[in-house]
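K.L.:
Sharing a structure with you now.
The values are calculated or read from the model by the stated rules, or taken from the named source; none is laboratory data. Given the structure is predicted, the values throughout are model-derived calculations rather than measurements. Neighbour counts run over all protein chains shown; Cβ positions are idealised from the backbone, glycine included. Ligands, DNA and RNA are stripped out before the accessible areas are found, and what is left, the full protein with its side chains, is counted by its heavy atoms. Shrake-Rupley method; radii C 1.70, N 1.55, O 1.52, S 1.80 Å.
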Amino acid sequence: MKNILCFGDSNTWGYIPVTAQRYPREVRWPGKLQQLLGSEYYVIEAGLNGRTICHDEPGKPNRNGMAILPYVLESNRPLDIVIVMLGTNDLKAMFEQTAQSISNHIKLLCQSIQTNSYLQEHPPQILLVSPAHVLIDDGQNSSIKPQANHESQRLHQYYQAVSQELNIAYFDASDVVDMTNADGVHWLASQHIDFAQAICKKIIQLNP
């Protein structure tokens, strides 16, 4: 059995737009991925609302992905694949980040997985996912500035460059998730399913 860790934010956790409730496991993409891959794989959910790559947000403890990553990796070892999908929350106005600076941080996080085995003999494969584009208007999600629309669209080119530099697998979530204006950030149930199907194909390509 191959162990897959899904390390992400609210769209990995399964946040339902507007209602702020959580999709059932069989709907949110890690759970759907488990169904699609079958018993030869074990999919571990490690999503958290508001998680950033490396920033601390006042009033929201334990959201710094880089800080918590070693504990998540070690507590779930041995791992064969780590799917990393972070960067949306780093677009919040308070962090003053660009697509390029966010990609610099995601590179450091992926390198941490590569170079620190956390007591594993061999580091896991990494699948870096560029988040789907956000769709923010002036009246929506005031924590993320409207300019984030443009920056989120630029993440793809920088994340892809990181994947090539580190020789890791890559996928662009915006290839299958076209953001709706429900809240501009979170996915519909059908989008979780579409994404899981695409990631399943990617996993099988990595492990034929």
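One line per residue, one yes/no per condition, for (1) surrounded by fewer than 15 Cβ atoms within 10 Å (Cβ to Cβ); (2) over 27 Å from Lys201 (Cβ atoms); (3) among the aliphatic types (A, V, I, L, M):
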{"site": "Leu69", "(1), (2), (3)": "no, no, yes"}
{"site": "Pro78", "(1), (2), (3)": "yes, no, no"}
{"site": "Phe95", "(1), (2), (3)": "no, yes, no"}
{"site": "Cys110", "(1), (2), (3)": "no, no, no"}
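K.L.:
So Leu69 clears everything in (1) within 17 Å of the chain's Cα centre (by Cα); (2) part of a loop (DSSP other than H, G, I, E, B) except one condition, right? Which one?
P.N.:
Here Leu69 meets the rest and fails (2).
K.L.:
What are the residue pairs meeting all of these: first residue in the range 35-57, first residue in contact (Cβ under 8 Å) with a residue 60 or more places away in the chain, second residue part of a loop (DSSP other than H, G, I, E, B) and open to solvent by less than 50 Å² (accessible area, probe 1.4 Å), Cβ atoms under 9 Å, and 6 or more apart or on different chains?
P.N.:
Tyr41/Asn207
K.L.:
Inside the range 91-135, can you point out the residues that are part of a helix (DSSP H, G or I) and over 19 Å from the mean Cα position of the chain (by Cα)?
P.N.:
Selection gives Ala93, Met94, Thr115.
K.L.:
Quick test of your reading of the structure: Gln157 fulfils all but one of (1) open to solvent by 40 Å² or more (accessible area, probe 1.4 Å); (2) modelled with pLDDT of 95 or more; (3) not in a helix (DSSP H, G or I). Name the failing condition by number.
P.N.:
Gln157 satisfies every listed condition except (3).
K.L.:
Would you mention how many residues in the range 1-42 are among the hydrophobic types (A, V, I, L, M, F, W, C), open to solvent by 30 Å² or more (accessible area, probe 1.4 Å) and under 24 Å from Ala169 (Cβ atoms)?
P.N.:
3
K.L.:
Find all pairs meeting these conditions: Cβ atoms under 6 angstrom apart; at least six residues apart or on different chains; first residue within the range 153-167 and in contact (Cβ under 8 Å) with a residue 12 or more places away in the chain and under 26 Å from Ile136 (Cβ atoms); second residue open to solvent by less than 100 Å² (accessible area, probe 1.4 Å) and charged (D, E, K, R).
P.N.:
Filtered contacts from the range 153-167: His156/Asp172; Val162/Lys107.
K.L.:
Please find, within the range 43-67, the residue that is surrounded by the most Cβ atoms within 10 Å (Cβ to Cβ) out of those that are polar (S, T, N, Q) and closer than 24 Å to Phe195 by Cβ.
P.N.:
The extreme case among them is Thr52.
K.L.:
Suppose we filter Asn3, Asn49 for residues that are farther than 21 Å from His186 by Cα, at pLDDT 95 or above and touching a Phe, Trp or Tyr at 6+ places or on another chain (Cβ under 9 Å); which single one remains?
P.N.:
Asn3
K.L.:
Something else now. Among the residues of the range 72-81, which ones are assigned to a helix (DSSP H, G or I), more than 14 Å from Thr115 (Cα to Cα) and among the aliphatic types (A, V, I, L, M)?
P.N.:
Correct list: Val72 only.
K.L.:
Confirm whether Asp183 is charged (D, E, K, R), surrounded by 14 or more Cβ atoms within 10 Å (Cβ to Cβ) and at pLDDT below 95.
P.N.:
yes
K.L.:
Kindly evaluate Thr19 against the criterion of being among the hydroxyl-bearing types (Ser, Thr, Tyr) and assigned to a loop (DSSP other than H, G, I, E, B).
P.N.:
Yes.
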